């Protein structure tokens, strides 16, 4: 009798658990994809350079960055689920057309600069696989085009979630590098194991701020809001969406941890400096083996693909919301023509700049980071004001902790953006 009772209890427990899992899967996607896309080709390059230049101590910043990313993206997710509107849509309504135009132009220019860096990563890493550069670029851009034009929301979300699986390549690369795991894990708690000279501390400050600045971006805030809005998540599931936001932030820097470990264990200890992420893929081969280098390169190509799709979509979504036109992945091309044309146009411009001009990628990075540094404080000003609006958010307005933590976090992010610009110039 007792056995039957326990069996029924166990079945009841597992039935409840399974229902909760299925319910969670109905909201899963937007936050994870947004957070993982922060590890685009530019992000991989930044983390790789950080590991090669600073070694394990830079890992100390990852828990802090994870918390900041989770808090800020949770605000954007909650805003959309409760208000049933995207961030760009609400900025236009609450703050006027001038604010909308300024934010969109800044976002468009910065995003095209980011897209050029994504394509440049494809261009350089293709050499590792003995594939001609131009066909490789055309192939990955065409794939990015077809995923959106020929698919719908569910298809796009599934492709992006599948792409996140390829970040496992960084874990394999890190293990092949045979790092000091004790030193790596302990540096998550406090930085140690190197000589903290004045030069090292200067580099730690500048590169560390760059790492933060490349992880938390204006396009990320617009994308999570718009993508969640396009998914049409119900208000009653806001709690599950918040859980996914925290999970996505954790996964992002979980993989960033292995990127840093792979380069710290091979390049930092051998005093090899880097200028880009694709160099890391080639540079770690003599120390960790060819497979580790190839897997690292595969990760960069995958990150470039995710970046092309997500960053382009963030601009197209923002345009549709800022200017009140139709823009949804579930709409036909005819219904959301401007949305799809703008998505495609960005890819074409980025390809033309990458292939047919001699423009310096350094200059593009400078312009992109400056624009982001200017736009990010405004994005967070709008985000905090909107999520503090009791008329708009009702019972889901920021509590005191969320309010003040988000303000302090935004200040830190602003400083990070400024230091990123300074690091580029100096």
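The values are calculated or read from the model by the stated rules, or taken from the named source; none is laboratory data. All figures in this text were calculated on a predicted structure; none of them were measured in a lab. Neighbour counts are summed over all protein chains in view; Cβ atoms, including those assigned to glycine, are modelled from backbone coordinates with ideal geometry.
In the set 293, 324, which member is at pLDDT below 85 and crowded, with 22+ Cβ neighbours inside 10 Å?
One residue alone meets the criteria, 293.
Might you check whether a residue that is surrounded by fewer than 24 Cβ atoms within 10 Å (Cβ to Cβ) and on the phi > 0 side of the Ramachandran plot occurs anywhere in segment 97-118?
No, the conditions are met nowhere in segment 97-118.
With the structure loaded, tell me whether residue 222 is farther than 26 Å from residue 83 by Cα, part of a helix (DSSP H, G or I) and out of contact with any strand residue (DSSP E or B) (no Cβ under 7 Å at 6 or more places or on another chain) or whether it fails that test.
Taking the combined requirement at face value, the residue does not satisfy it.
Any residue at all in segment 186-206 that's in a helix (DSSP H, G or I) and at pLDDT 90 or above?
Looking for residues that are in a helix (DSSP H, G or I) and at pLDDT 90 or above, one finds at least one in segment 186-206, hence yes.
Could you check, for segment 138-146, whether at least one of its residues is loosely packed, with under 13 Cβ neighbours inside 10 Å and closer than 28 Å to residue 293 by Cα?
Yes, because at least one residue in segment 138-146 is loosely packed, with under 13 Cβ neighbours inside 10 Å and closer than 28 Å to residue 293 by Cα.
For residues that are closer than 18 Å to residue 342 by Cα and at pLDDT below 85, tally how many sit in segment 119-147.
Total meeting the criteria: 0.
With the structure loaded, tell me whether residue 300 is under 23 Å from the mean Cα position of the chain (by Cα), modelled with pLDDT under 85, assigned to a helix (DSSP H, G or I) and over 23 Å from residue 379 (Cβ atoms) or whether it fails that test.
Numbers: under 23 Å from the mean Cα position of the chain (by Cα): yes; modelled with pLDDT under 85: yes; assigned to a helix (DSSP H, G or I): yes; over 23 Å from residue 379 (Cβ atoms): yes.
It is true that residue 300 is under 23 Å from the mean Cα position of the chain (by Cα), modelled with pLDDT under 85, assigned to a helix (DSSP H, G or I) and over 23 Å from residue 379 (Cβ atoms).
Does segment 259-275 hold any residues that are surrounded by fewer than 24 Cβ atoms within 10 Å (Cβ to Cβ) and assigned to a helix (DSSP H, G or I), and which are they? Can you show your working first?
Filtering segment 259-275 for residues surrounded by fewer than 24 Cβ atoms within 10 Å (Cβ to Cβ) gives 268-275.
Passing the criteria: only 268.
Among the listed residues 346, 363, 402, which satisfies the condition of being surrounded by 16 or more Cβ atoms within 10 Å (Cβ to Cβ) and modelled with pLDDT under 85?
The match here is 402.
Might you let me know whether segment 39-50 holds any residue that is more than 16 Å from the chain's Cα centre (by Cα) and touching a residue at least 60 places away in the same chain (Cβ under 8 Å)? Break it down into steps so the answer makes sense when it comes.
The first filter runs over segment 39-50 and keeps only residues more than 16 Å from the chain's Cα centre (by Cα), leaving 49-50.
Okay, now just the ones that are also touching a residue at least 60 places away in the same chain (Cβ under 8 Å), so 49-50.
Yes, segment 39-50 contains at least one residue that is more than 16 Å from the chain's Cα centre (by Cα) and touching a residue at least 60 places away in the same chain (Cβ under 8 Å).
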